[in-house]
Amino acid sequence: MKLEGIHHITAITADAQQNVDFYAGVLGLRLVKRSINQDDTSVYHLFYGDERGDPGADITFFEYPGVPPGRPGAGMIHRVVWRVRSPDALAFWSERLANHGYESARTEDHLVFDDPEGLTHELRVVETSDEPLIAEHPEIPAELALQGFHAARAYAADPDRSAQLLEETLGFVPVPHGPVQTAAYELRGDRRGGFYLYDPAPEERPLQGAGSVHHIAWASQPDEQGEWHQRVIEAGARATPIIDRFYFRSIYFREPSGVLFEIATMGPGFTVDEPLQDLGHKLSLTPQYEQLRDQIEPRLTPLENPRDAWARK
């Protein structure tokens, strides 16, 4: 069995509309599912990704209105790294971000910036045989668009504690790393892959809040989920049962450095309850919550999707 790189990364926002404006409007990702946190139905769960909502380009957010800012620390992911095609893409994004009021720092092969709530992103020029996962946006040429996840960077006080679970249980492969990181791994399946990097943890106590990452999910084949569950438990991790999230099935556990991991299946996907062309335009509720729509929807923040305006032009 092999995990197919990053499935999705989930973070927290205090302002759903600002979040949509940035990730769909500025970064050009497609809002592919407007749903709820299935563990707390008063909370949005917003999913952004490529045009089809494929695993590998899916960044998601829980909205907790008014929640204080978070602070990444030991046991938390602090940077999301995206692939782009060329240095021309870095120049394009540097200018686009500046035009929208966001500062960035560029080197020859990467660009770093924060979202409105302080979540750090990095765009990196990457050569790969993986399929580029691109969303359509009228202001962003396809050759300059984000192409999916490349890596996630986490803080760890003692990354060596995680080596056995990552390597022997999950199939991560150690790779050389630069002077900034304390450890680096590649996770590659038959279709795609990505990287997981550790940086020295800051002294400040970590705080979960707006702009912080809640968990990272790694992609599995649907028919292998039961075996992954057994393998993780046998390795000593305290894993949840397999949870049916309707769009995929999930297992959650913390790796020894403290980062919350999920193993999520590559399917059935976001078109299981609505056609591809309609993704993200309305609130989608899974079957167990559809009967509660009249109670759930009025409590959620009304949202405007920038894509709706483009469709009317």
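Readers should treat all values here as calculations from the given coordinates under stated rules, not as data from a laboratory. Keep in mind the model is a prediction, meaning the values are calculated, not measured. Cβ coordinates were reconstructed from backbone atoms using ideal geometry, including for glycine residues, and neighbour counts include every protein chain displayed.
Assuming 0.36 nm per residue, please report the length gained on full extension of the stretch residue 230 to residue 294 beyond their Cα-Cα distance.
Working: separation 64, 0.36 × 64 = 23.04 nm, distance 3.92 nm.
Length difference between fully extended and current span is 19.1 nm.
For every other residue with a beta carbon closer than 12 angstrom to the beta carbon of residue 73, add +1 if it is Lys or Arg and -1 if Asp or Glu, then tell me the sum. Each step should come with its number before you reach the end.
On the way: positive: 71, 205; negative: 199, 203, 204.
For residues surrounding residue 73, the net value is -1.
Based solely on C-alpha atoms, express the radius of gyration and the Dmax of the range 243-286 in angstrom.
13.6, 41
Suppose the chain between residue 205 and residue 108 were pulled fully straight at 0.36 nm per residue; how much longer would it get relative to their current alpha carbon spacing?
31.6 nm
Return the tail of the calculated pair distribution for the range 162-220, meaning the percent of Cα-Cα pairs more than 14 Å apart.
66
Given H placed 1.01 Å from N in the peptide plane, which residues other than close sequence neighbours of residue 284 have an amide H under 5 Å from its amide H?
34, 35
Across all directions of projection, what mean area in square nanometres is found for the Cα convex hull of the range 83-242?
Mean shadow area of the hull around the Cα atoms is 11.6 nm².
What is the Å³ per residue value for the convex hull set by the Cα atoms of the range 123-202? Don't skip to the end; give the middle numbers.
On the way: hull volume 9.5 nm³, N = 80.
Dividing the Cα hull volume of the range 123-202 by its residue count gives 118 Å³.
Compare 253, 61, 47 in a GNM of the chain, Cα atoms joined below 10 Å, and give the one with the largest fluctuation.
Result: 253 has the largest fluctuation of those listed.
On alpha carbon coordinates alone, what is the Rg over Rh value for the range 60-104, Rh being the Kirkwood radius?
1.08
Find the Cα radius of gyration of the range 161-313, compare it with 2.2 N^0.38 Å by division, and give the number to two decimals.
Against the empirical 2.2 N^0.38 Å value, I get 1.29 for the range 161-313.
Give the order of 71, 83, 238 when sorted by the count of other beta carbons within 10 angstrom, beginning with the fewest.
Listed from fewest to most nearby Cβ atoms, that is 238, 71, 83.
So for 13, 240, fewest C-beta neighbours within 10 Å to most, what's the order?
Going from sparsest to densest Cβ surroundings: 240, 13.
Compute the FRET efficiency between residue 160 and residue 238 as 1/(1 + (r/R0)^6), taking r as their Cβ-Cβ distance and R0 = 22 Å, and round to the nearest 0.05.
0.60
What does the C-alpha gyration tensor say about the overall shape of the range 61-140? Classify as rounded when a/c is under 1.5, otherwise prolate if a/b is larger than b/c, or oblate.
Here the range 61-140 falls in the prolate category.
Rounded if a/c is under 1.5, else prolate if a/b beats b/c, else oblate: with a ≥ b ≥ c from the C-alpha gyration tensor eigenvalues square-rooted, which is the chain? The partial results should precede the final answer.
Working: a/c = 1.42, a/b = 1.10, b/c = 1.29.
Cα axes put the chain in the rounded bin.
Could you work out the local net charge near residue 221, counting Lys and Arg as +1, Asp and Glu as -1, over the other residues with Cβ closer than 12 Å to its Cβ? Walk me through the numbers on the way to the answer.
Working: positive: 2, 191, 249; negative: 4, 190, 223, 224, 227.
It works out to a net charge of -2.
Would you kindly derive the ³J(HN,Hα) couplings of the range 259-269 from the backbone phi angles with the Karplus curve 6.51 cos²θ - 1.76 cosθ + 1.60 (θ = phi - 60°), listing them in order in whole Hz, with x for Gly and Pro?
6, 6, 9, 10, 10, 10, 6, 7, x, x, x
Run the helix sum for the chain: -39,500 (n - 2.57) per DSSP H stretch of 4+ residues, divided by residue count, reported at 222 nm to the nearest 500 deg cm²/dmol.
When only DSSP H runs of four or more count, the value is -3500 deg cm²/dmol.
Run the numbers for residue 180 and residue 17: contour at 0.36 nm per residue of separation, minus the present Cα-Cα distance, in nm.
Between residue 180 and residue 17, full extension yields 55.2 nm more.
Given the options 206, 174, 138, which has the most mean-square fluctuation in a GNM of the chain, springs set between C-alpha atoms less than 10 angstrom apart?
In this elastic network of the chain, the residue with the biggest mean-square fluctuation among 206, 174, 138 is 138.
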